[in-house]
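The block underneath contains the structure these notes are about, expressed in structure tokens.
Values quoted throughout were computed directly from the atomic coordinates according to the rules given, and no laboratory measurement underlies them. Fair warning: this is a prediction, and the values are worked out from it, not measured in the lab. Methodologically, a virtual Cβ is constructed for each residue, glycine included, from the backbone with ideal geometry; neighbour enumeration extends over all protein chains shown.
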Amino acid sequence: MAYQEVTVEKRGRVGIVTLNRPHRLNSLGRPMTDEMRQALEEFNRDPEVGAIVLTGTGRAFCSGADFESFRAVAEGGERFGVSGLANWVGFVQQSKPIVCAINGYAVGAGLTLTLPCDVRIASDQARLSMRFVRLGLLPELASTKLLAHIVGLTNALEMMLTGRFVEAEEAYHMGLVNKVVPHDRLLDAAVEKAAEIAFNPDECLAAVKRLVWANLTEPDLEAVQRREMSEFATALQGDAFREAVRAFFEKREPRFHG
């Protein structure tokens with residue numbers, strides 16, 4: 001379909017969704033959030049796509065919620081909501097792997113929307129902030145849980161209680177992003193990582209995500225292992241496993257996608 005405020009393209013088995021509202025620093029308003037969700041859903045349905053890159057144009061990855069919508073709410077005119085982010089964490093859990101290429105500012109919801117995604121790669125020009133308290137607001141999209149898992153309790157609390165900006169290198173050292181690359185290499189690096197993921201069998205990628213999310217806070221190690229062994233047993237019966245074994249003995253790379 002035609003989009004107004006996102007762009008889409010494919011590079012091999014990688015789908016790329018780019019937030020394209022640079023004059024508003026890719027702030028979260030409609031129709032952009034709806035289009036972002038629709039583009040991701042289209043790539044999830046596309047059998048030729050194995051992983052997705054999500055990035056932005058201009059100086060920001062995403063600057064958070066659009067202040068025009070905030071003003072309307074503050075003046076009592078309407079209820080706040082961004083439909084494209086409804087049940088966002090559940091949607092990402094079930095999505096094909098998503099690599100976020102954070103090209104600039106990632107602020108408030110522009111940061112929290114990346115937390116359930118699978119890999120975050122930052123430009124050396126990126127600046128990230130849990131800005132909510134500076135606006136008299138509170139973190140959302142399950143970020144009070146996810147951020148603590150990603151960066152540790154004290155780092156998460158410090159980010160959320162101060163609302164300060166974190167530079168790319170600091171974000172890397174605290175584990176908030178997987179890698180920092182030169183700005184002009186960002187998209188290529190993200191596509192390379194997504195292609196590395198997309199090489200693997202789709203059913204195995206989906207199973208890994210199911211297991212990680214199901215076991216994230218599971219205190220019962222026996223339950224963890226039962227889930228793992230159930231998925232393992234299923235994989236043993238799969239075409240991907242048989243192809244991997246054939247490829248090993250034929251001394252070649254497996255061909256998981258035809």
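Distance between the modelled labels on Glu167 and Glu228, one decimal in nanometres: 4.0 nm (7 Å Cα→Cβ projection).
Our summary gives the chain a relative contact order of 17 percent, counting only alpha carbon pairs under 8 angstrom and 6 or more residues apart.
Give me the angle, in degrees from 0 to 90, between the Cα long axis of helix 221-236 and the longest principal axis of the Cα atoms of the chain, rounded to the nearest 10. The angle comes out near 60 degrees. For the chain, dividing the convex hull volume of the Cα atoms by the residue count gives 143 Å³ per residue. Sparse packing (at most 15 other Cβ atoms within 10 Å of the Cβ) combined with a DSSP loop state is found for the following trypsin sites (Lys or Arg not before Pro) in region 175-258: Lys251, Arg252, Arg255.
Out of every Cα-Cα pair in region 142-238, what percent are more than 24 Å apart? So the portion of pairs separated by more than 24 Å is 47 percent.
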